[in-house]
Amino acid sequence: MRRRKNTPEQVQFRQEILQKIAIQPPLSEELRDLQTTEGFYRLYTQIRLYYPNNIEAYEAIEEEYIRIFGHRKYSEYDSFRSSMTQKMSRK
């Protein structure tokens, strides 16, 4: 494989980026779990009875997911529900 030749500026830029990443604290176990499909669903099943309906429970988790990770995990409730249905049928 042919190696790229980096300029000193590129090497410095690369090191700066890696240093910024290295000083970030690691995610807690709960947040790492929330990133997984299973963890998201597990949290949903824990809190859904405390909301007026399943959609509101799902949206509450999505809002927190967006706040923490900067994007939605699923595009909408139906997408989440479809994903869970497929996952459960595989077991």
Complete set of residues in the stretch 41-59 that are over 16 Å from residue 31 (Cβ atoms) and within 15 Å of the chain's Cα centre (by Cα): 58, 59
Check on residue 74, assigned to a helix (DSSP H, G or I), surrounded by 13 or more Cβ atoms within 10 Å (Cβ to Cβ) and hydroxyl-bearing (Ser, Thr, Tyr): no
Lone unmet requirement of (1) part of a helix (DSSP H, G or I); (2) surrounded by 10 or more Cβ atoms within 10 Å (Cβ to Cβ) for residue 19: (2)
Boolean, residue 38 is modelled with pLDDT under 95 and within 24 Å of residue 90 (Cα to Cα): yes
Restricting the stretch 21-70 to residues that are of a type in the set (Gly, Ala, Ser) and free of Cβ contacts under 8 Å to residues at least 12 places away in the same chain, the residue that is farthest from residue 81 (Cα to Cα): 22
Condition check for residue 9: without any contact (Cβ under 8 Å) to a residue 12 or more places away in the chain and assigned to a helix (DSSP H, G or I): yes
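The values are calculated or read from the model by the stated rules, or taken from the named source; none is laboratory data. Since this is a predicted model, take the numbers as computed values, not measurements. In this analysis, Cβ positions are derived from the backbone assuming ideal geometry, glycine residues included, and neighbour counts consider all displayed protein chains.
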